[in-house]
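Read the figures in this text as sums done on the coordinates, not as results from a lab. All figures in this text were calculated on a predicted structure; none of them were measured in a lab. For neighbour counting, all protein chains shown are included, and Cβ atoms are generated from backbone atoms with ideal geometry for every residue, glycine included.
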Amino acid sequence: MKKYVFALALGLGFAAQAQVQDFTLPSATGGAAFTLSAAESDYVALHFLLKTECPYCMRHTMTYATRSEELPGVRQVFIKPDTREEIQEWAAKVDDVGLDIYQDENAKLARDMGIPYGYKFHGQVVHYPALILLDKEGNEVLRFVGEHNGDRMSFDDLVARIDALKK
């Protein structure tokens, strides 16, 4: 599997992709559902976390959640394809900041957004970890797909890429 990092913005050598279709994800942790068209932010960062318990997902989620104030105008959306009960168990292990984890039942949104599938992890086959950044119009402006469960875009890298997009 090759790693994909795309900057899909004019001036960065790539044509912008089409607008992402509106979607709604239910919160598995008791919060309100997330609907893309209702997001009141300059950017939405969709974090596609792995199915099952993954320590890298936990660390990644906590880093982004605890540092989110450093990226005003960016809504962090953490997405897992597990059952509601599995997500609640998982969230209890990382929830020091009251974050919502959204359920992508059967990884439908991950498939719709073209996140590669076929990664073998904990005896299951799952989609690869990914981060997709959308602008306020719902256009995809950045895509990162990891090669393995520990391969994630760092928070600092995301900050730098958003700063470049704003110029």
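Considering all alpha-carbon pairs of segment 43-101, what whole percent are spaced by more than 15 angstrom?
44 percent
So how strong a dipole does the chain carry about its Cα centre when Lys and Arg Cβ are +1 and Asp and Glu Cβ are -1, to the nearest 20 debye?
So the magnitude is around 520 debye.
Would you kindly compute the Cα radius of gyration of segment 39-137 and its largest Cα-Cα separation (Dmax), both in Å?
Gyration radius and largest Cα-Cα distance of segment 39-137: 13.2, 39 Å.
Among 138-150, 112-124, what's the highest-first ranking by average C-beta atoms within 10 angstrom per residue?
By packing density, highest mean first, the sequence is 138-150, 112-124.
Write down, largest first, the equivalent ellipsoid semi-axes of the chain in whole Å, where each equals the square root of 5 times an eigenvalue of the alpha-carbon gyration tensor.
Taking √(5λ) for each eigenvalue gives 23, 18, 16 Å, largest first.
In whole Hz, what ³J(HN,Hα) sequence does segment 40-45 give by Karplus (6.51, -1.76, 1.60; θ = phi - 60°), x for Gly and Pro?
With the stated coefficients, segment 40-45 comes to 9, 8, 5, 9, 10, 9 Hz.
Can you quote the Å³ per residue value for the convex hull of the Cα atoms in segment 79-167, rounded to an integer?
129 Å³
Calculate how steeply helix 155-166 sits against the longest principal axis of the alpha-carbon atoms of the chain, using the helix alpha-carbon long axis, and give the answer as 0 to 90 degrees to the nearest 10.
Approximately 30 degrees, to the nearest ten.
Whole-Hz Karplus ³J(HN,Hα) for segment 24-35, in order, using 6.51 cos²θ - 1.76 cosθ + 1.60 and θ = phi - 60°, x for Gly and Pro?
So the Karplus estimates, Gly and Pro as x, are 10, 10, x, 6, 8, 10, x, x, 6, 5, 9, 10 Hz.
Enumerate the amide H contacts of Phe121 below 5 Å, restricted to partners 5 or more residues apart or on another chain; note that Pro and chain-start residues carry no placed amide H.
Amide H to amide H, under 5 Å and 5 or more residues apart or across chains, Phe121 pairs with Val126.
Evaluate the distance, in nm, between pseudo-label points positioned 7 Å from the Cα of Gln19 and of Asn106 along their respective Cα→Cβ axes.
The answer from the label model is 2.8 nm.
Indicate, rounded to the nearest 5 percent, the antiparallel portion of the DSSP beta bridges found entirely in segment 4-166.
So the antiparallel bridges amount to about 70 percent of the total.
On C-alpha positions alone, give me the angle between the axis of helix 84-94 and the longest principal axis of the chain, in degrees, nearest 10.
The angle comes out near 80 degrees.
Once every DSSP H run of n ≥ 4 in the chain is given -39500 (n - 2.57) and the sum is divided by its residues, what mean residue ellipticity at 222 nm do you get, rounded to the nearest 500 deg cm²/dmol?
On the way: 4 runs with 41 residues, N = 167.
Using -39500 (n - 2.57) per qualifying helix, the result is -7500 deg cm²/dmol.
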